[in-house]
1. Give the range 523-551 a look and list any residue that's open to solvent by less than 40 Å² (accessible area, probe 1.4 Å) and farther than 21 Å from GLY492 by Cβ, or say none.
2. Looking only at residues in the range 393-430 that are in a loop (DSSP other than H, G, I, E, B) and within 21 Å of LEU595 (Cα to Cα), which one is most open to solvent (accessible area, probe 1.4 Å)?
3. With respect to the numbered conditions (1) on the phi > 0 side of the Ramachandran plot; (2) at pLDDT 95 or above; (3) of a type outside the set (Phe, Trp, Tyr), which one is the sole condition not fulfilled by SER88?
4. Listed residues ARG96, ARG78; which is farther than 19 Å from ILE166 by Cα and at pLDDT 95 or above?
5. Which of (1) modelled with pLDDT of 90 or more; (2) under 30 Å from ASP132 (Cα atoms) is the odd one out, the single condition SER65 does not satisfy?
6. Determine the pairs where a residue that is modelled with pLDDT of 95 or more and among the acidic types (Asp, Glu), located within the range 490-519, has a partner that is open to solvent by 10 Å² or more (accessible area, probe 1.4 Å) and assigned to a strand (DSSP E or B) with Cβ atoms under 6 Å apart, the partner being 6 or more residues away or on another chain.
7. Please find, among GLY176, GLY193, GLY214, the residue that is within 29 Å of the chain's Cα centre (by Cα), surrounded by fewer than 14 Cβ atoms within 10 Å (Cβ to Cβ) and within 29 Å of GLY385 (Cβ to Cβ).
8. Looking at the structure I just gave you, is TYR296 of a type in the set (Phe, Trp, Tyr) and either open to solvent by less than 30 Å² (accessible area, probe 1.4 Å) or closer than 30 Å to ARG406 by Cα (or both)?
Amino acid sequence: MKNNISRAQFLSVGSLAMAGLWYSQGIWAMGTKFVDKKSDKLLISRFLEANDQSVKSLLNEEKLSSSTRFSSFRNVARNISVMAASFSHKDSDFYRSQRVLEALQLYADILLKGQYEDGTLDSGGNRQSPPDTAFVLEHVCGAMSVLKKDNFKNTNILTKSIEKFILNAGEAMVTGGVHTPNHRWVVCAALAGIYELYPDEKYVNRIEQWLAEGVYTNNDGHYLERSANYSAVINRALITIAKTLQRPALLDSVLKNLITYCYYTEPNGDVVSIDSRRQDQLRPSTITKFYVQYRYMALRTKNPLLVYMTKQIEGFADFDSVILSRSLIEFMIEPELGYELPKSNLILEEYEKMFSSSHLVRIKRGNITMALFGGIDRPLEIVSGKSSNPNFLTYRKGAVILKHMRLSTSFFRMGYFRSEGITKQGTSYKLHEKKEAYYYQPLEKQYHLYNGDYKLSESHDKRFWNKMDFDSRKKSNVKTQVTDITLIEHNGKLNIDIKVDGPPHVEVTLEMCFEKGGTLTGTTTLDTDKHLLKSGFGMYQVGEDQITFGPGLYMHDRVSRLESEQYGYHNGTLQTDGEYVYITGITPFAHSLTLS
């Protein structure tokens, strides 16, 4: 009998999981063996077969030259790890293959040719980059590990080449700097990988320097960047460091983060990313890249949520391409990964979870999932490292995907609504934003300049810059717009009440973007991929699944240039591929609609 989690059960289950109480404390002793010892032979055979197929494809590609210049070396390093795995695996079709050995030597020569005297590599626009070199080392150290273990005499020249590269790069890891929070732990993982191969306390000392800064996770289980892309990177790095340095406490952060992403994962494996502070906030990631981490932690902890997620990932469409085709080496370095998973019939059918630090709510009711978001970073800036996503809602029902719902007004071209947090009041979730725009008075006499050449400065409402010395001017004619959105969910049906108050006659545009591939009815086509819901209800259908939405409203045609001047000045846009439906009104604006 399957174990489904109901709404009531979730409260206790979720708190236990987040507190890390679903495992025995003794399991964290790094010397402890994994909980189950029976090998999953079928899974291992799948990995071997897929890895061999990858090697075959690589060998059939156009032959490279050692003089080939690369702008990034991560794929080269990944290819080395894939080939080294098959070359060193006794059951592989390419075990100790001369052709693979030659290809590996070529790739090693390419790395050495691209390596600078300080041990670094280039990566795109990052020149002589220690952290990008660390990403390369992750693969290369793994490859070296399995080659050394196989100890085939014909690999002497190859392993000397790889050793040279690793030790040179090690100097960059010991002295080099980083750009972003995740880079610290990637560099530490690279240092740990080098230390496993060539023990030297200087590598450990450098790791200790970085670890002294502390590994941060918020109450929601997120790292500083709040990004699925980089959570996968950090989890992988922390597991490596924990194993090498015998630091089981580092796995607490990994556990918290993996549990969080159980609830961020859509039924098809997409990961909710609207709260990310990095580039994936508008380009959703896939949970599949977390697979090895979920499997490792599921085996160590027996946590039913982690077992559930591991099994789920194995069934996703991209499992073959993202994991099977390139991860055999992980199972060779850590053979315990191939043990059978603990028994668990847990299924996440229903939950409602508020991630208060990130101001994001996740709700699942059978085949319906939704995310409510109000947690951008302020002051608002469109930069990497700050959350600025205007999507306040996503909604899915089976195969039908509402990618986002946004609200924009023409109020001083300040663009999309971005809530100042999300709160729960009874059964309602509340989003709120207050915008202000100003006019400016003449400068007082003491600020006058004889030539009229005043300081280039930013307006107080941060809409623009001018040589007006705004800091010395008094504001006047202050205009305020207040937006409140109330969302109430019941059995998967979502009621949305929107109110916009402030100056009259301001155009309001509610934007819905559906993933392409469905059929839209009940709307009026305005342009290619753009439709108006003037009245009544619309429906978007994919196969047997459908989302009904409405009622509509139509008071104007302003459905473009909905972004702020920060985008418009550069002809930028936040539009993504999809079928767009708009509801339009004028302030004072009050409108209610439902999704079901």
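1. If the condition is that a residue be open to solvent by less than 40 Å² (accessible area, probe 1.4 Å) and farther than 21 Å from GLY492 by Cβ, then THR523, HIS531, LEU532, GLY536 are the ones that fit.
2. THR427
3. The number of the failed condition is (1).
4. Of ARG96, ARG78, the one residue that is farther than 19 Å from ILE166 by Cα and at pLDDT 95 or above is ARG96.
5. (1)
6. ASP497/THR486; ASP497/SER592; ASP501/VAL482; GLU515/ILE401; GLU515/LYS403
7. Only one candidate passes the filter, namely GLY214.
8. yes
The values are calculated or read from the model by the stated rules, or taken from the named source; none is laboratory data. Owing to the predicted nature of the structure, the values given are computational and were not obtained by experimental measurement. Quick reminder, even Gly has a Cβ in these numbers, built from the backbone with ideal geometry, and neighbours come from all protein chains shown. We work out accessible area using only protein heavy atoms, side chains counted, and drop any ligands, DNA or RNA first. Shrake-Rupley method; radii C 1.70, N 1.55, O 1.52, S 1.80 Å.
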